[in-house]
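Please treat every number below as a calculation from the coordinates, not as lab data. Please read these numbers as outputs of a predicted model, since none were measured by experiment. Cβ sites come from the backbone with ideal geometry, for glycine too, and all protein chains shown count toward neighbours.
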Amino acid sequence: MEAKRKEPRKALRIKVISMGNAEVGKSCIIKRYCEKRFVPKYLATIGIDYGVTKVQVRDREIKVNIFDMAGHPFFYEVRNEFYKDTQGVILVYDVGLKESFDALDSWLAEMKQELGPHGNMENIVFVVCANKVDCTKHRSVDESEGRLWAESRGFLYFETSAQTGEGINEMFQTFYSAIVDLCDNGGKRPMASMSVSFTKEQADTIRRIRSSKDSWDMLGVKPGATRDEVNKAYRKLAVLLHPDKCMAPGSEDAFKAVVNARTALLKNIK
Ligand code: GTP
Ligand code: MG
């Protein structure tokens, strides 16, 4: 019997799109990777920029069709036909602009709406780029907050700077490699990449603690609560967030904040 000869594998063709508010750096991230350069002057993308690049992932050659979208609301109607048949999404925000981070949910919503009721966002690789990390002075969204948002949705997360190049190659390599894994898995996101190492309750609790207005609010007790109530609430949170048990980004800071809140409250309760 003749041994089966290994066919050379055809180049894989994939489609990726960029999403995020205007001016967060989508085009610059792509330019940094494809052309190894950075343009400080802002040239807003008009509608869509389209480009093709070839990349190598492990032993595979991949042809990437990149659709770089304009973030300005004005171009909504131009963008909306480009969401379908996408294998990968680069979601970008500016770490110095909180509203660009808060807008990520509405970008996902826009895509979901355009894909319609039969569209499936589960089998798309998303990478979140926390961009402009070179501007350390104005940072308003810290790493754990961004990472928590991304990882609780099963998305990749990278800190990037199109200006210095930090994180860019690593981000694209991991992103393309995850897309190849998805294609090799019949277009479904592999189970391993879906697993999140923390619970929704943990993620929600960390977010709630971050945005709490005082120590009472942080522990989730009414102002004027008794020592017993404070201790009970504290113990519940401590079990949920203890850094030995909780893998969620930001759990250590949240745990410390809870410890401090309890100490502060107990000092003033007889
Ligand atoms: P739209 O096409 O309008 O949606 O914007 P965009 O997201 O494509 O933004 P673009 O890449 O054009 O960058 C916007 C501005 O931010 C430009 O002035 C860039 O030079 C600047 N910029 C992009 N990335 C970085 C970065 O990592 N660091 C710094 N300091 N500036 C950056
Ligand atoms: Mg652009």
Return yes when residue 177 is touching a residue at least 60 places away in the same chain (Cβ under 8 Å), closer than 22 Å to residue 66 by Cβ and surrounded by fewer than 21 Cβ atoms within 10 Å (Cβ to Cβ) and no when it is not. yes
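Considering only region 82-112, how many residues are touching a residue at least 12 places away in the same chain (Cβ under 8 Å), assigned to a helix (DSSP H, G or I) and either farther than 27 Å from residue 145 by Cα or not aromatic (Phe, Trp, Tyr) (or both)?
8
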I need a count of the residues in region 21-41 that are over 19 Å from residue 173 (Cα atoms) and near ligand 2 (Cβ under 9 Å from one of its atoms). 3
For region 143-161, give me each residue that is among the hydroxyl-bearing types (Ser, Thr, Tyr) and assigned to a helix (DSSP H, G or I). 144
From (1) surrounded by fewer than 16 Cβ atoms within 10 Å (Cβ to Cβ); (2) away from ligand 2 (no atom under 14 Å from the Cβ), pick out the condition that doesn't hold for residue 78. (2)
Filtering region 24-47 for residues that are in a helix (DSSP H, G or I) and near ligand 1 (Cβ under 6 Å from one of its atoms) leaves a count of 3
Give me a count of the residues in region 54-75 that are surrounded by 15 or more Cβ atoms within 10 Å (Cβ to Cβ) and away from ligand 1 (no atom under 13 Å from the Cβ). 6
